[in-house]
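The values are calculated or read from the model by the stated rules, or taken from the named source; none is laboratory data. Here the structure is a predicted model, which means the values were calculated and not measured. Glycine also receives a Cβ, built like all others from the backbone with ideal geometry; neighbour counts cover every protein chain displayed.
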């Protein structure tokens, strides 16, 4: 939790400390591959840019991608899953078979294919990752809704004439929230890794924009002389994912009235 | 006789399963007069719960009619049915699964009012919810509480308040007390009876517990494997049960008195068979001590043995009054 | 028939300790049972019935449930002091337990015959051979009214009532001196319940096994028990023979309430006379008599002092109403 807030703060204040043009993008070849000093707490990269500043800026990009992708796929996938689960029958079959087709393709491969079709860039990366995550959410929500839709309180709501959308959004979704939140925070972490992976492969954020995966990719060539170039972005990814996982657990407990004492 | 408030005519609910057709509710003809209680008794799997849900159109009926004040609600459009739901409500068996654990008491009780399309200002809604809570004996300080903070008896009171929220005429009570402790059970039974007196409610009371049914009902229908095997006024059913299954059911209840100790219960062999693709004739025949060849030949009719007391059994000929 | 004292609980106290609170589950429970007798332990949810049973088997949840006082003597052994090894020899062999739900107490992937044989193999003190065990399994199944041909069937091939019969067969396989049945028929339909109860009554006569029947249903008690103990908030508030309690001449107000809560099949009543209020919170029991906040006959003394036991013959009632009149035996 604390780590996560720290990351968000870093992401938010980084533009105040560092100027995008001078500190992040501008190359300063005289300062190449410096070890950590007081001026550059995590050293500099192959182009003489401050690693800490780039990681801080990268946090903005990574977190943004993570949340937008998960948010969008949650809404779209969740919607598909919820109606499939609730209405069942043919609709369920058709929707889920389409999702199965997508699920059969490895997620990263699907994302790569989409980016290859649309071309690299932040927006396309987000679209690609979202599409690749939708089926997982459709599955998840469907499986969460299925046991809930036969609960007696749902029947009670039907008996009192509550309309279908209110039942889905008022009764079913709140009760499916716990696993959904945990899963989503895990998914944000996963997305950050995927985005980093895509960037690493050169399919995501293009240089010189700072992004953790892209930084890893750039740093890998210098791993022998300047391991800090790989080490620190890697640690940033790990910390972000770890803190998101812990956050998910915390949120689940906090949102369940049954666990509040 | 007046027009009954609710009547079913040849109501059927079949489920398609792998092995064939499951006759959950088969050809049920019942009627309930306004402000009276019909007790529906039977063991697990006899279709009594399905019957209640079919009547409320929570599950679609296979065929037959459900007449509410003479109108067949199975022919109602979605909009008409939505209006109709104000009149028909349900109280469930399990006070743990029947209320949404994520909602406060206030929201649970207010939901039917909101869903019915009635727009109430916050203040009036507040008043209405408090009034309902008071009616069912819930302290109004619990208005913001979540269900998990309350015990089974209080939860069941919430369930009753929710059912009452729209001022219904007819309530299906599906085993409303069977998951409660005896002392709490008695409190809820008293509450239901008081409410009936006060608001002139009509109940269909579904239960497996004959002593409860005797206490609360005016008329009783005994169900076995989807069929109604006997129905009639409470006193007649208890004083003079006609169907061998009713007799067995009655004598199987353990009575808490010394006198009952010496009485040998009238045991029936075997267990309930499957309601999937039932054989023609009496469905109780495999367990019946009086079974004759005629019992499994052709469908049996409900016969009126004494006024209003019907039984589906070959032991009672139509020639007898 | 030898009628020696088989089981005696004296001032038994059990506390469940959790991080937040202490639940006082049993408070000075005293009980005795002779060989061949059937005791009905009656009470509502949370009265301590199941805790009593688990204490006798020393199966209280580890690290949480603790016996904090009193003694349990079973056939000359003090169970409170017995080691885990000694208990293992007693459980399933000398004392068996039947649980409420027959669906979950059988292993779904093992044929029922093997499940019966298993307990015989575990406690093979008589040195039975494999053939003799097999024979005993057949005998047990026949005893509970199941054809021995079905011993290779799996639990899911049996109905609820039949499963409970299998459970009973397992419990009785080692010829235990004491059988504890925790709501054995609650999950069953009434006609099936009647069958199982009738069978248990017969078996008890035949085998001379002592039985503790835990139930919330006074009707079941009336059918097969010799003695009754009524529990409330971890105490036995009334005990005696069937006649003592069910003749309803003198009863604890709670017992009166229990009788009043049951719709009577033989007499029509317009209104039930339930007990008002709820079971007290076991983490914070009221002072004095634990029942006083719900008691219609509550007096001042009830709020401050725990009642003593009023005793006439075999009938014991823990209530100030009776001890006040001077019939105190202490």
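Residue under question is residue C:179, and the condition is that it be within 14 Å of chain B (Cβ to nearest Cβ) and assigned to a strand (DSSP E or B); does it hold? No. Residue count for region B:94-131 satisfying the condition of being surrounded by fewer than 21 Cβ atoms within 10 Å (Cβ to Cβ) and farther than 22 Å from residue A:169 by Cα: 9.
Could you check, for region C:241-256, whether at least one of its residues is touching a strand residue (DSSP E or B) at 6+ places or on another chain (Cβ under 6 Å) and more than 14 Å from every other protein chain (Cβ to nearest Cβ)? Even if it seems obvious, please write down each step before you answer.
Going through region C:241-256, the residues touching a strand residue (DSSP E or B) at 6+ places or on another chain (Cβ under 6 Å) turn out to be C:241, C:244-245, C:252, C:254-255.
Narrowing the set further to residues that are more than 14 Å from every other protein chain (Cβ to nearest Cβ) leaves none.
Looking for residues that are touching a strand residue (DSSP E or B) at 6+ places or on another chain (Cβ under 6 Å) and more than 14 Å from every other protein chain (Cβ to nearest Cβ), one finds none in region C:241-256, hence no.
Would it be correct to say that residue A:112 is within 18 Å of the chain's Cα centre (by Cα), free of Cβ contacts under 8 Å to residues at least 40 places away in the same chain, farther than 28 Å from residue B:50 by Cα and more than 14 Å from chain B (Cβ to nearest Cβ)? No, not satisfied.
Only one of A:49, A:97 is more than 26 Å from residue A:165 (Cα to Cα) and either out of contact with any strand residue (DSSP E or B) (no Cβ under 9 Å at 6 or more places or on another chain) or exposed (fewer than 15 other Cβ atoms within 10 Å of the Cβ) (or both). Can you tell me which? Going through A:49, A:97 in turn, the sole match is A:49. Say whether the condition of being farther than 22 Å from residue C:97 by Cβ and in a loop (DSSP other than H, G, I, E, B) is met by at least one residue in region C:230-239. Yes; the residues of region C:230-239 include at least one that is farther than 22 Å from residue C:97 by Cβ and in a loop (DSSP other than H, G, I, E, B).
Every listed requirement among (1) farther than 24 Å from residue C:29 by Cβ; (2) surrounded by fewer than 22 Cβ atoms within 10 Å (Cβ to Cβ); (3) within 14 Å of another protein chain (Cβ to nearest Cβ) is met by residue C:203 save one, (3). For region B:11-21, the count of residues that are touching a residue at least 24 places away in the same chain (Cβ under 8 Å), farther than 17 Å from residue B:278 by Cα and surrounded by fewer than 22 Cβ atoms within 10 Å (Cβ to Cβ) is zero. Just wondering, is there one or more residues in region A:180-192 that are in contact (Cβ under 8 Å) with a residue 12 or more places away in the chain, away from chain B (no Cβ under 14 Å) and not in a helix (DSSP H, G or I)? Scanning region A:180-192 turns up no residue that is in contact (Cβ under 8 Å) with a residue 12 or more places away in the chain, away from chain B (no Cβ under 14 Å) and not in a helix (DSSP H, G or I).
Taking residue C:58 as the residue in question, decide whether it is at positive phi and either touching a residue at least 60 places away in the same chain (Cβ under 8 Å) or surrounded by 18 or more Cβ atoms within 10 Å (Cβ to Cβ) (or both). First the steps, then the outcome.
Values: at positive phi: yes; either touching a residue at least 60 places away in the same chain (Cβ under 8 Å) or surrounded by 18 or more Cβ atoms within 10 Å (Cβ to Cβ) (or both): yes.
Considered against the rule, which asks whether it is at positive phi and either touching a residue at least 60 places away in the same chain (Cβ under 8 Å) or surrounded by 18 or more Cβ atoms within 10 Å (Cβ to Cβ) (or both), residue C:58 comes out as yes.
For region C:216-229, a tally of residues being more than 11 Å from every other protein chain (Cβ to nearest Cβ) and either closer than 17 Å to residue B:255 by Cα or free of Cβ contacts under 8 Å to residues at least 12 places away in the same chain (or both) returns 1.
The sole residue among C:87, C:140, C:73 that is surrounded by 16 or more Cβ atoms within 10 Å (Cβ to Cβ), within 21 Å of the chain's Cα centre (by Cα) and not in a loop (DSSP other than H, G, I, E, B) is C:73. Look at residue C:213 and say whether it is in contact with a helix residue (DSSP H, G or I) (Cβ under 8 Å, 6 or more places away or on another chain) and at the interface with chain B (Cβ under 10 Å from one of its Cβ atoms). Answer is no for this residue. Only one of the numbered conditions (1) within 18 Å of residue B:99 (Cβ to Cβ); (2) assigned to a helix (DSSP H, G or I) is violated by residue A:161, and that is (2). Residue B:243 meets the stated requirement of being crowded, with 18+ Cβ neighbours inside 10 Å, within 14 Å of chain C (Cβ to nearest Cβ) and under 30 Å from residue B:201 (Cβ atoms).
Does residue B:58 satisfy the criteria of being surrounded by fewer than 20 Cβ atoms within 10 Å (Cβ to Cβ), away from chain C (no Cβ under 14 Å) and either modelled with pLDDT of 90 or more or not in a loop (DSSP other than H, G, I, E, B) (or both)? So that I can check it myself, show each step before the final result.
Numbers: surrounded by fewer than 20 Cβ atoms within 10 Å (Cβ to Cβ): yes; away from chain C (no Cβ under 14 Å): yes; either modelled with pLDDT of 90 or more or not in a loop (DSSP other than H, G, I, E, B) (or both): no.
Against the criterion (surrounded by fewer than 20 Cβ atoms within 10 Å (Cβ to Cβ), away from chain C (no Cβ under 14 Å) and either modelled with pLDDT of 90 or more or not in a loop (DSSP other than H, G, I, E, B) (or both)), residue B:58 does not qualify.
Restricting to region B:264-286, name every residue that is assigned to a helix (DSSP H, G or I) and touching a helix residue (DSSP H, G or I) at 6+ places or on another chain (Cβ under 8 Å). Scanning region B:264-286 gives a single hit, B:285.
Residues checked against (1) under 20 Å from residue B:166 (Cα atoms); (2) at the interface with chain A (Cβ under 8 Å from one of its Cβ atoms); (3) modelled with pLDDT under 90; (4) outside any helix (DSSP H, G or I):
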| site | (1), (2), (3), (4) |
| --- | --- |
| B:97 | no, yes, yes, yes |
| B:102 | no, yes, yes, yes |
| B:106 | yes, no, no, no |
| B:111 | yes, yes, yes, no |
| B:118 | yes, no, yes, yes |
| B:124 | yes, no, yes, no |
| B:138 | yes, no, yes, yes |
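From the list A:174, A:210, which residue is closer than 30 Å to residue B:49 by Cα and either more than 10 Å from chain B (Cβ to nearest Cβ) or within 25 Å of the chain's Cα centre (by Cα) (or both)? Before the answer, list the steps.
Working: A:210 fails: closer than 30 Å to residue B:49 by Cα.
Of A:174, A:210, the one residue that is closer than 30 Å to residue B:49 by Cα and either more than 10 Å from chain B (Cβ to nearest Cβ) or within 25 Å of the chain's Cα centre (by Cα) (or both) is A:174.
Scanning region B:265-308 for residues that are more than 14 Å from chain C (Cβ to nearest Cβ) and on the phi > 0 side of the Ramachandran plot returns B:277, B:281, B:298, B:308. The set of residues in region B:67-81 being out of contact with any helix residue (DSSP H, G or I) (no Cβ under 9 Å at 6 or more places or on another chain) and within 14 Å of another protein chain (Cβ to nearest Cβ) consists of B:77, B:78, B:79. Of the helices (runs of 4 or more DSSP H) lying entirely inside region B:143-237, those containing at least 3 residues that are surrounded by 19 or more Cβ atoms within 10 Å (Cβ to Cβ), more than 14 Å from chain C (Cβ to nearest Cβ) and at pLDDT 90 or above span B:152-164.
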